[in-house]
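The values are calculated or read from the model by the stated rules, or taken from the named source; none is laboratory data. None of these values were measured; they are calculated from a predicted model. Methodologically, a virtual Cβ is constructed for each residue, glycine included, from the backbone with ideal geometry; neighbour enumeration extends over all protein chains shown. Only protein heavy atoms, including side chains, enter the accessible area calculation; ligands, DNA and RNA are left aside. Shrake-Rupley method; radii C 1.70, N 1.55, O 1.52, S 1.80 Å.
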Amino acid sequence: MKEKIAVLMGGRSLEREVSLRSGHRVSEALKAKGHSVVKLDIDEHLVSTLKKEKVELVYIALHGKFGEDGTIQQLLEIMDIPYTGPGVFSSMMGFDKILSKELFVQEDIPTPEFFALSAGAFKEIGASAALDEVVSKLGTPVVVKPARQGSALGIKFAKNASELPSALIAALSYDDKVVLERYVEGMEVSVSIVGNIEPRALPPVEIIAKKGFFDFESMYTMGMTDYFVPARIDEAMTSRVQELAVKAHKLLRCRDVSRVDMRIDAKAGPLVLELNTSPGMTETSLLPMAAAEAGMEFPELVEELVGFALARGK
Ligand SMILES: Nc1ncnc2c1ncn2[C@@H]1O[C@H](COP(=O)(O)OP(=O)(O)O)[C@@H](O)[C@H]1O
Ligand SMILES: [Mg+2]
């Protein structure tokens, strides 16, 4: 038997079901590789359970709040348990679209033009009266998203100024900070990064949602989205999106793994929508798809990520 690994999954996040799918798949892969695995659906006893089980390493298969925002990472640092994936800072920055987009702008990583507002700005200082200006600056549709959420939950496209208030209410029901963003027409690609000292970009995955946009249903229902791996872009564009992804990964001080979602605008070129520090590992997820194209089957991918964490723990 190799190391005893706890796979953290589930929890109360809105992405619970997705995380359970990621977690089960990762656990099977780890078992196949000869590890002893404890699956932990996280709850209020997490810390004492980790102590009791005497795990040597944690694989974080959590998505969303607590698992992806730096909280769990911080607890594992306190407990001196090595864990897979990016650390506290990267998780906090990646999970918050406002913080990460501000950094992208400062470091010349192209990202769609945006404004960030809080619930308080609407409730206490009348931000609603500025929405006409938002529309004239960003054009329509305006993309409205909660700052800290994933799996496209709470994302709405407001076709005009009159649709903005309800889109904002929807986004604000997920988080008290929202991003209002310029809509980007054009191909959607996602570039996964794997690597420890020298992060390497995997082949870009092109995403075509068959209905509407790449929302929760399209992400996790088999057959609802067409994926092309590698994306149908030329070599120069492939290098460009891969370089951008590596730059974003390094900028947020990520390690081990990340996934950078982009859209390619006809004029502006690739624009980074966001960076994920705990990419999905389900049957329909993008990172495993990209890894397979690069010749790495799922168990090898998982084993490589575990290897990075183990090397740190020594
Ligand atoms: N500015 C935008 N223009 C066009 N589509 C967008 C834009 N922002 C997000 N989307 C669509 O919404 C999906 C989810 O948005 P994203 O920013 O990746 O947030 P998350 O995946 O964390 O919910 C994207 O994959 C894309 O299909
Ligand atoms: Mg995304």
* Asked: Out of 292, 82, 55, whose Cα points farthest toward the positive end of the dipole of the chain (charges: +1 Lys, Arg; -1 Asp, Glu; placed on Cβ)?
  -> 55
* Structure fact -> With a 1.4 angstrom probe the carbon and sulfur portion of accessible area for the stretch 4-85, in percent, totals 52
* Structure fact -> Volume per residue (Å³) of the convex hull spanned by the alpha carbons of the chain is 130
* Heavy-atom accessible surface of the stretch 114-182: percent carbon and sulfur, 1.4 Å -> 55
* Rank these residues by their accessible area, most exposed first, probe 1.4 Å: 222, 9. => 222, 9
* Using Cα positions and a limit of under 30 Å, work out the lysines in reach of residue 31, with same-chain residues fewer than 8 apart set aside. => 2, 4, 39, 51, 52, 54, 65, 314
* To the nearest 10 square angstrom, what accessible area does residue 284 show with a 1.4 Å probe? -> 10
* **In range of the label at residue 103: residues from the stretch 51-89 whose backbone nitrogen is under 11 Å from the point 7 Å along Cα→Cβ** => 87-89
* Asked: How many lysine pairs does the stretch 82-219 hold where the Cα atoms are under 12 Å apart and the two sit 8 or more places apart or on different chains?
  -> 4
* To do: Give the relative contact order (percent, whole number) for the chain; include only Cα pairs under 8 Å separated by 6+ residues.
  => 20
* What base-10 log of the normalised intensity I(q)/I(0) is obtained for the stretch 143-198 from the Debye formula, alpha carbons as equal point scatterers, at q = 0.14, 0.16, 0.30 Å⁻¹? -> -0.47, -0.57, -1.18
* To do: Just need the relative contact order of the stretch 4-85 here, percent rounded to a whole number, with Cα pairs under 8 Å and 6+ apart.
  => 39
* **Residue-level accessible surface for residue 224, protein heavy atoms, 1.4 Å, Å²** => 40
* To do: Report, in debye and to the nearest 20, how large the dipole of the stretch 104-172 comes out about its Cα centre when Lys and Arg carry +1 and Asp and Glu carry -1 on their Cβ.
  => 300
* **Among 130, 36, 95 - extreme Cα towards positive end, dipole of the chain, charges at beta-carbon** => 36
* Asked: Okay, which of the stretch 216-259 sit inside 12 Å, backbone N to the point 7 Å along the Cα-Cβ direction of residue 312?
  -> 253-258
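Rounding to the nearest 20 debye, state how big the charge dipole of the chain is about its Cα centre with +1 on each Lys and Arg Cβ and -1 on each Asp and Glu Cβ.
In total the dipole reaches around 480 debye.
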* Give me Rg over Rh for the stretch 14-142, both radii from the alpha carbons and Rh done the Kirkwood way, two decimal places. => 1.11
* Structure fact -> accessible surface per residue for the chain, probe 1.4 Å, DNA/RNA/ligands not counted, whole Å² -> 45
* Asked: Where the centre of each part is set by its Cα atoms, how far does the stretch 167-182 sit from the stretch 1-45, in angstrom?
  -> 31
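Based on the mean of other Cβ atoms within 10 Å per residue, sort peptides 46-56, 291-301 so the most packed one is first. Can you show the working numbers first?
On the way: 46-56: 14.3, 291-301: 16.2.
Most protected by this proxy first, the peptides run 291-301, 46-56.
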* Asked: P(r) of the stretch 114-182 in 10 Å steps, Cα pairs, percent per bin?
  -> 24, 60, 15, 0
